[in-house]
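Heads up: the structure comes next, in structure tokens.
The values are calculated or read from the model by the stated rules, or taken from the named source; none is laboratory data. Just so it is clear, the model here is predicted, and its values are computed rather than measured. Every residue, glycine as well, gets a Cβ built from its backbone with ideal geometry; the counts of neighbours run over all protein chains shown. In case anyone asks, the SASA skips ligands and DNA or RNA and just uses the protein heavy atoms, side chains included. Shrake-Rupley method; radii C 1.70, N 1.55, O 1.52, S 1.80 Å.
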Amino acid sequence: MIVPVKRINLVLLPEEKNAVFLALQKEELFMIKGFNVENHSLFNSDQLVKTKKVIKILEAENKKKNPFETISVDYQTIDNIQHNEFKVIDEVIDIENKKADFKDKIQRLNDQISTFIPFAFLSISQEKLSENELITFKAYKIPLEKKEFISNALLNLGLEHEMGEFDKAIYLVVAMIEEVSQDLAIALQAVDAEEVQLPSSALKYSDAIEAHKKNIEKFTAEMGKLDEQIKGLVKDLPQIKTYYDKEVNRLVREHVPFKQSNHFIVLEGYVREDQMSKLEQVLASHATTYEIEPVNDTKETLPTALKNNKFVKPFETITDSFSVPNTKEIDPNPIMSVWYWIFFGIMIADIGYGLVLLVGSILFIKLKKPRGNFKKLLQVFMYSSISAILFGLVTGSVFGIGFREIIPSLPDIFISPQDDPLTVLIASLVLGALHIVTALVLKAILMFKEGDVLGALAEAVSWILILLAGLVFVADMSSIIWPSNVIISYITLGFIGLGVVFIVFLSGRGSKNAFGWILKGFGGIYGATSYLSDLLSYSRLLALALSGGVIAFTMNLLAGMIAPALYGVGIIFAILIIIVGHVFNFAMSLLSAYVHGGRLQYLEFYGKFFQGGGYAFKPLGYHLDYINEIKEN
Amino acid sequence: MEMGVALAALGAALAIGLSGAGSAIGLAMAGKASTGVISEKPELFGKVFVLQALPATQGIYGFLIAILILLNVGLLGGNPLPLTEPQGWAYLAVGIGMGISNLASGAFQGMMSGSSILMTGKDASLSTRGMTMTVMIETYAILGLLVSILILTGI
């Protein structure tokens, strides 16, 4: 149900701000106006960015990760930041910087080596060559196939030179002598020589390469040591993660927006009306002076606060991911949750799969301690698995095996989608009609509340009459449940007629002229097509139940066929088929049930009455990224 | 082998062949969009993966109908029933209806799924809405499946 929310201002003493904020964060009673912690710029703080980086580095090193490791802290811990906590973070950053430094150095040495290698043949260092003031030396790169030609040419010219081969080219260092420079130039041109600069080096290139390689080895060893150091710090990961969340929540408190006067600070926000007294209690115990000022004449849209029981609560996430209800409508969650639960169960309808889902979701919640919407989704699965088990009892199927295949003496009371698709189809459509009727009842209530009685008759009551009377009429005509009865059929036809009359005469109630009135009246009747397609849409209940059931059955069949093959070796393949096949089918059934269950609510159900467009009441609380739960100390 | 059985086998082949093709096209289209989004935002893998998996169902429906046809005709056990030719044509009709509806629905759902994935990449909170829009296309695969089953129970 939707609880009324009040717009209030909290007046506090500045010196008591911190204590009160802490208490508010813990109790989650007060929503601060215009303060959205998600995507807030506080996450860009240097310290948080740095910590996140460290967590990433350590996570990458965390090889023996325990998948069920969770972090629980108490309130005292989360509110208390110790000074030595960021020591480890700085240490990791320091090591990481050193590592980057070494990496940089190694990169530079490697770059240099690659420039030296072509000239590794040179028996004298580049420095010495350049120091020689009498003769200049030049270096050239020449295609390999011109080797003989240039060697002969150099020999003829009698020039001092050295030459070496590298990577399909000749590298040549030659002394330039005035007298033969013309001839040399011609020879060089003939072999497509390309002049290159000799890289500067004090050592002979071959020696420099050796020295560089030694240094690289040394640096790599240093880096290895640093890696070991980081590995040694992995054990501090939970502590660092806790620190991150502590820092986030400290920043959240710091960024709470307020107005300041000389002696007071004023917090603008909202409180649930039913939690007003609790808020007062909290303030009384944490502040000496405070005031709660109600702000009544506000034109702003208030946030929507939902209050539901343990079963309905997780289903709120399904509505919220469609649209948050606005404050003026009825909370659809209590009714929607029941329908979602039923439809989900029908679409899986297998005791085996239901049990796997039940146990799996409970274990996941207990061991991984998920938070927020993901936890709610798992709870939806947990509750809905019970429905899957119940409908599994109706269809009489365990992992695609019929009860009567296991115990042949059982009476034939099961309704399985494989054997009686028509029965299940009719049941799906009837459930669909009832689902739509519930939606229309909610619509009628809403319209009555708004005082639009004629509208409620035209758009909601009329279709409720048509659908319900139509169901009874069809049941009567088919004489399956009771023998066909003329009186019943006339009464139901009468109700259907009444519904049609409501639509024809009241749909055009707002029109100014007769023409518009008639047009709208018959336009209203045309709405029948959309109701028909809505109804047919529920046939997916049968289709999905059937597809899950038949695929499970097929996997069992294939496994059974292969088991006796190959003198018993087939049994291994059979087990493999069973496991892989059922895991796949389970995952696809779950996805289908979740998605199509949602679709039936969003389109067929919410399409009739739900307005949405509200925003959720999110009180100031703890924002947790890594900590799984905060316990009472 | 009887002509009827051959026609039924053709029906099963069309059901799985065309539906499988539809899912394959759809999954590839959605997959292309996924890789783009995940390369920028790897943390969205969970949401994107669910969206990408949506066009996988058509192939499964096709598989389902193919198996049902094979079971009905007795081809799966190796002892085909003596079908009449009209019965065979009816099984072929099932395969054609199933195949075409699922080919188109799978491929186009993939397209829609791809754009929902891109939308999720821009704003992850919209993924459920994208899912709902994408699932609308599956309705026609489901109707194809339903009519196929209804014909199968009637043959």
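Here A:K105 is the anchor, and the lysines within straight C-alpha reach of less than 21 Å, apart from those fewer than 8 places off in the same chain, are A:K204, A:K213, A:K214, A:K218, A:K225.
Working out 0.36 nm times the residue gap between A:D94 and A:R253, then minus their Cα-Cα distance, what length gain in nm do you get to one decimal?
Working: separation 159, 0.36 × 159 = 57.24 nm, distance 2.96 nm.
This chain segment gains 54.3 nm when fully extended.
Please report how far the C-alpha centroid of segment A:267-283 lies from that of segment B:98-155, rounded to the nearest whole angstrom. With segment A:267-283 and segment B:98-155 each reduced to a Cα centre, they are spaced 47 Å.
As I understand it, the dipole of segment A:237-282 uses +1 on the Cβ of Lys and Arg and -1 on the Cβ of Asp and Glu, about the Cα centre. Which of A:P257, A:G269, A:Q281 lies farthest toward its positive end? So the residue furthest toward the plus end is A:P257. State the answer as a single residue: which of A:Q25, B:A12, A:T395 lies farthest towards the positive end of the charge dipole of the protein assembly as shown, with beta carbon charges of +1 for Lys and Arg and -1 for Asp and Glu, about the Cα centre. So the residue we want is A:T395.
Beta bridges from DSSP with both residues in chain A: antiparallel share about 90 percent, rounded to the nearest 5. Per residue, the convex hull around the alpha carbon atoms of segment A:470-602 comes to 138 Å³. In this simple spin-label approximation, A:N9 and A:F264 carry label points 7 Å from Cα along the Cα→Cβ vector, and these lie 0.7 nm apart. Our note on the geometry: Cα centres of segment A:162-232 and segment A:362-377, 61 Å apart. Counting only alpha carbon atoms, the long axis of helix A:205-233 and the longest principal axis of chain A meet at about 30°.
If you count, for every residue in A:536-544, the Cβ atoms of partner chains within 10 Å of its Cβ, what is the mean?
Values: counts 4, 4, 0, 8, 8, 1, 5, 13, 4.
Mean shielding by partner chains, rounded to a whole number: 5.
Can you pick out the pairs among A:K33/A:K328; A:K26/B:K41; A:K246/B:K41; A:K17/A:K259 whose Cα atoms lie more than 22 Å from each other? Violating the 22 Å Cα-Cα cut-off are A:K26/B:K41; A:K246/B:K41.
Mind ranking A:E405, A:E61 by accessible surface for me, highest first, 1.4 Å probe?
Numbers: A:E405 125, A:E61 40 Å².
Output order, biggest surface exposure first: A:E405, A:E61.
Evaluated with a Cβ-only charge set (Lys, Arg +1; Asp, Glu -1), the protein assembly as shown carries a dipole of roughly 2280 debye about its Cα centre, given to the nearest 20. Modelled spin-label separation between A:E179 and A:S511, with each label point placed 7 Å from Cα along the Cα-to-Cβ direction: 11.7 nm. From the P(r) of chain A, could you give the percentage of C-alpha pairs in the tail past 41 Å? Counting every Cα pair in chain A, those more than 41 Å apart make up 58 percent. The Cα trace of segment B:17-91 gives Rg and Dmax of 18.6, 58 Å, the first to one decimal, the second as a whole number. The distance from the alpha carbon centre of segment A:611-631 to that of segment A:72-137 is 44 Å, rounded to a whole number.
Let's see if you can work this out: charge +1 on each Lys and Arg Cβ, -1 on each Asp and Glu Cβ, no other charges. What is the dipole magnitude of chain B about its Cα centre, in debye to the nearest 20?
Working: 5 positive and 6 negative charges, 79 e Å.
I would put it at about 380 debye.
Here the Karplus relation 6.51 cos²θ - 1.76 cosθ + 1.60, evaluated at θ = phi - 60°, turns the backbone of segment A:386-396 into coupling constants of 5, 5, 4, 5, 4, 6, x, 5, 5, 7, x Hz, with x for every Gly and Pro. In straight-distance terms, cross-link reach from A:K278 covers every one of the aspartates and glutamates whose alpha-carbon lies under 19 Å from its own, apart from those fewer than eight places away in the same chain; here that gives A:E16, A:E27, A:E28, A:E268, A:E291, A:E293, A:E632. For A:R108, the solvent-accessible surface with a 1.4 Å probe is about 140 Å², rounded to the nearest 10.
Starting from the Cα-Cα distance between A:I406 and A:A565, subtract it from 0.36 nm times their residue separation and give me the gain in nm to one decimal. Spell out each step's value before the answer.
Details: separation 159, 0.36 × 159 = 57.24 nm, distance 2.29 nm.
Taking A:I406 through A:A565 to full extension adds about 55.0 nm, to one decimal.
Taking only DSSP H segments of four or more residues, each worth -39500 (n - 2.57), what value at 222 nm results for the protein assembly as shown once the sum is divided by all its residues, to the nearest 500 deg cm²/dmol? Show your work: numbers first, answer last.
Numbers: 28 runs with 499 residues, N = 788.
It lands at -21500 deg cm²/dmol.
Would you mind checking the tilt of helix A:17-27 against the longest principal axis of the Cα atoms of chain A, expressed as 0 to 90 degrees and rounded to 10? Its long axis makes an angle of about 60 degrees. Give the residue from A:I240, A:I150, A:L172 lying farthest towards the positive end of the charge dipole for segment A:121-270; charges sit on Cβ (+1 for Lys and Arg, -1 for Asp and Glu) and the dipole is referred to the Cα centre. Comparing the listed Cα positions along the dipole, A:I240 ranks first. Derived scalar couplings between HN and Hα for segment A:341-356 equal 4, 5, 5, 4, x, 5, 5, 9, 6, 8, 4, x, 4, x, 5, 4 Hz in order, rounded to whole Hz, by the Karplus curve 6.51 cos²θ - 1.76 cosθ + 1.60 (θ = phi - 60°), x for Gly and Pro. Around A:V282, under 12 Å between beta carbons, what's the net of Lys plus Arg minus Asp minus Glu among the other residues? Charge balance near A:V282 sits at -1.
For segment A:67-82, backbone phi angles converted through the Karplus equation (6.51, -1.76, 1.60; θ = phi - 60°) give residue-by-residue couplings of x, 9, 6, 10, 10, 10, 10, 9, 4, 4, 5, 5, 8, 10, 9, 8 Hz, Gly and Pro being listed as x.
Just to confirm the filter: which GluC sites (Glu not before Pro) across segment A:560-633 are DSSP coil and have at most 10 other Cβ within 10 angstrom of their Cβ?
On the way: sites: A:E604, A:E629, A:E632; in loops: A:E632.
Qualifying residues, ordered by number: A:E632.
For the residue pairs A:K53/B:K47; A:K63/A:K231; A:K87/A:K368; A:K6/A:K375; A:K241/A:K369; A:K310/A:K366, alpha carbon separations beyond 19 Å are given by A:K53/B:K47; A:K87/A:K368; A:K6/A:K375.
Computed from the C-beta positions of A:E228 and A:V472 and an R0 of 56 Å, the FRET efficiency is 0.10 to the nearest 0.05.
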